[in-house]
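No lab work stands behind these numbers, since they all come straight from the coordinates. A quick note: this is a predicted structure, and the numbers were derived from the prediction, not measured. When we count neighbours, we look across all protein chains shown, and the Cβ atoms used for this are built from the backbone with ideal geometry, even at glycine.
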């Protein structure tokens, strides 16, 4: 499989405006999720996420927090021009099920603290990426080995994750 570079000039130093914008959006989503989680009653925290996903809302908040390191590890592979291999939607479902089993009843305080810590670390990791790293593409097994840029992967996973689940939580609660 071939690595593709999108020919975006590097800033020559770590960090770039796009990285800062991505990091800020990630932080905004994590902050919004944390703020909303703080308003939930104990009954809402323990409510199933949906009729098809029986994980509790608390488990979902903890899930978002706990997955940032993995999302960043995969993004770093792309930034280095390395393909993401053996990551499938079935594998994602297994990781999610394992997380739910290992963290059946996370406390709100622990989940929010983990969300703050891991989102800050993810944002810091994004902030040091160069334009060239964000523009580097390599095959991603999760998308049929399509060559995707690091920036796309970040936007579709680490940056979007908290917004995605916050919207679904709001819908589940009718808020």
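Before moving on, here are some points about what is shown:
- Least to most buried among 16, 150 (fewest other Cβ within 10 Å first): 16, 150
- Prolate/oblate/rounded call for the range 21-107, Cα gyration tensor, a/c under 1.5 rounded: oblate
- Relative exposure of 163, 143, 68, judged by other C-beta atoms within 10 Å (fewest first): 143, 163, 68
- Three semi-axes of the equivalent ellipsoid, the range 13-173, Cα gyration tensor, whole Å, largest first: 28, 18, 12
- Put in line by how crowded their Cβ is, counting other Cβ atoms within 10 Å and starting with the fewest, 72, 129 read 72, 129.
- Estimated inter-spin distance, residue 41 and residue 70, nm [label 7 Å along Cα→Cβ]: 3.3
- In degrees, nearest ten, helix 17-39 long axis to first principal axis of the chain (Cα): 0
- Where only DSSP H runs of four or more residues are counted, the chain gives -19500 deg cm²/dmol as its mean residue ellipticity at 222 nm, each run worth -39500 (n - 2.57).
- The value of relative contact order for the range 61-174, using C-alpha pairs under 8 Å at least six residues apart, is 41 percent.
- In degrees, nearest ten, helix 160-173 long axis to first principal axis of the chain (Cα): 20
- Take every pair of alpha-carbon atoms less than 8 Å apart whose residues are at least six positions apart; their mean separation over the length of the range 1-146 yields a relative contact order of 50 percent.
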